[in-house]
Amino acid sequence: MYDFLQKFHSGWAYLALLLLVITVLNSVIGLTSKKEFTAKDRKIALFGLVFTHIQLLVGLILYFVSPLGKASLGQMSDATARLTSLEHPLMNIIAIVLITIGWSKHKKAATSESKYKTIAIFYGLGLLLILARIPWQLWFNKM
């Protein structure tokens with residue numbers, strides 16, 4: 001089960017990251033071109049939200065069944081162990097909270113400009129935090 005979850009978590013990350021990039025780009029383009037916020041834009045943002053939440057749930061399950069996570073909790077002096085057991089999960093939880101706040105705030109916004117701006121800022125910050133704490137060396141070694 002652990003191997004399946006690990007591969008699923010790594011594979012799903014590509015989809016979640018792609019959707020976040022698409023959402024941020026769509027919002028920036030909509031904001032700069034002063035387009036009207038449509039149902040298509042809302043769905044793009046919703047898919048970004050849903051895919052990151054699924055990634056979070058799988059990641060949390062993986063964290064608690066992972067031998068790597070359990071073994072590294074007492075080894076904070078090791079940078080790789082600290083990244084996988086503390087920095088990656090904590091930073092990604094913060095990122096997904098920001099994305100969720102962005103989704104909630106955009107629903108209350110009155111204008112298309114403010115909707116695009118809210119999504120671009122919050123989803124963009126979430127994307128940056130996620131990219132900053134991906135264990136790249138472990139991710140590429142698994143391929």
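The values are calculated or read from the model by the stated rules, or taken from the named source; none is laboratory data. Treat the numbers as computed from the prediction; the structure is a model and nothing was measured. Because the Cβ atoms are built from the backbone with ideal geometry, glycine has one as well, and the counts that use them run over all protein chains shown. Heavy atoms of the whole protein, side chains included, go into the accessibility calculation; ligands, DNA and RNA do not. Shrake-Rupley method; radii C 1.70, N 1.55, O 1.52, S 1.80 Å.
Consider the range 114-137. How many of its residues are farther than 20 Å from ILE22 by Cβ and either open to solvent by less than 50 Å² (accessible area, probe 1.4 Å) or charged (D, E, K, R) (or both)? Spell out the reasoning first.
Pass one, the range 114-137, residues farther than 20 Å from ILE22 by Cβ: 114, 133, 135-137.
Of the ones still in play, those that are also either open to solvent by less than 50 Å² (accessible area, probe 1.4 Å) or charged (D, E, K, R) (or both) are 114, 133, 135.
Of the residues in that region, 3 qualify.
Selection of the range 1-26 for residues being assigned to a helix (DSSP H, G or I), in contact (Cβ under 8 Å) with a residue 24 or more places away in the chain and loosely packed, with under 13 Cβ neighbours inside 10 Å yields TYR2, LYS7.
Hey, can you tell me all the residues within the range 91-105 that are of a type in the set (Gly, Ala, Ser) and more than 9 Å from the chain's Cα centre (by Cα)? Let's see the steps before the verdict.
Initially, the range 91-105 is screened for residues of a type in the set (Gly, Ala, Ser), giving 95, 102, 104.
Scanning the range 91-105 gives GLY102, SER104.
Residues in the range 45-68: is at least one closer than 14 Å to LEU127 by Cβ, over 10 Å from the mean Cα position of the chain (by Cα) and surrounded by 19 or more Cβ atoms within 10 Å (Cβ to Cβ)? Yes: one or more hits.
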